[in-house]
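To start, I am sharing the structure in question, which I have written as structure tokens.
The values are calculated or read from the model by the stated rules, or taken from the named source; none is laboratory data. These numbers come from a predicted model, not from an experiment. Here the Cβ positions follow ideal geometry from the backbone for every residue, glycine too, while neighbour counts run over all protein chains shown.
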Amino acid sequence: MDEKLIIAKVTERVKETLSGAEGGHDWWHIYRVLNTALQIAEKENADKFIVELTVLLHDIADAKFHDGEDEIAPRTAREIMSSCGVPEDIIDEVVKIIENMSFRSEIGGKRYDSPELRVVQDADRLDAIGAIGIARAFNYGGHKGREIYNPEIPPLKFNTGEEYKSNKGPTINHFYEKLLLLKDMMKTEEGKRLAEERHEFMEKYLEQFYKEFNNEV
């Protein structure tokens with residue numbers, strides 16, 4: 001098995017598929033997460049081939065952009081890997097990680113765990129916080145036509161993945177409903193370390209946001 005050739009083929013398919021995707025879930029999101037995941041994998045004794053394949057394919061068909069259909073992402077990932085010559089056992093592992101790595105899938109309790117999942121999940125969550133995370137949040141909120149902030153609509157606490165999935169609240173609420181929670185959900189030591197500065201940046205951003213909103217500056 002030529003791992004480099006397989007990665008090159010999968011990368012080409014991913015770039016083609018994500019051409020024109022929403023800015024927070026496009027090729028450059030994959031690029032950033034991949035670099036971070038490989039950095040974390042160095043310290044976690046994780047299988048880098050599985051990590052790289054999973055990162056490349058984790059947002060290949062995000063349910064948010066496919067009428068909430070959860071099955072399309074693992075199905076598309078499986079089809080691409082099969083066409084690129086990935087062995088069946090590795091395909092199964094990558095698909096299992098994709099099915100279990102999202103924030104929504106973890107609400108109510110984690111169903112699956114592996115070193116590779118922890119690496120990819122942390123890397124993906126790091127891209128959801130900090131300066132880039134803020135940009136992605138507002139880009140997606142604008143894409144969906146959501147309010148930036150509405151002080152009359154409080155953030156929610158979700159008990160199920162379906163509650164989270166159906167939420168359409170203002171983007172600022174998303175900080176409290178997800179983004180500010182991610183630092184304490186990191187699974188790797190490197191992920192925890194990298195999350196600290198990004199988390200602090202979000203807190204400072206929110207402080208400034210409220211000052212400006214309330215005309216206190």
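Between residues in the range 125-153 that are more than 18 Å from Asp59 (Cβ to Cβ) and of a type in the set (D, E, K, R) and residues that are outside any loop (DSSP other than H, G, I, E, B) and at pLDDT 95 or above, which pairs lie under 6 Å by C-beta distance while being six or more apart or on different chains?
From the range 125-153, the pairs are Arg146/Thr171.
(1) at positive phi; (2) modelled with pLDDT of 95 or more: which one isn't true of Ala123, the others all being true?
Looking at each condition in turn, Ala123 falls short on (1).
Here is a check on your reading of the model: is Glu52 out of contact with any Asp or Glu (no Cβ under 6 Å at 6 or more places or on another chain), acidic (Asp, Glu), assigned to a helix (DSSP H, G or I) and surrounded by fewer than 22 Cβ atoms within 10 Å (Cβ to Cβ)?
No.
Still on this structure, I have one more. Does Ile72 satisfy the criteria of being at pLDDT 90 or above, closer than 24 Å to Arg32 by Cα and aliphatic (A, V, I, L, M)?
No: the conditions fail for Ile72.
Suppose the filter is surrounded by 15 or more Cβ atoms within 10 Å (Cβ to Cβ) and of a type in the set (Asp, Glu); does Asp122 pass it?
Taking the combined requirement at face value, the residue satisfies it.
With the requirement that a residue be under 15 Å from the mean Cα position of the chain (by Cα) and buried (at least 19 other Cβ atoms within 10 Å of the Cβ), what does the range 165-186 give you?
His174, Phe175, Lys178, Leu179, Leu182, Lys183, Met186
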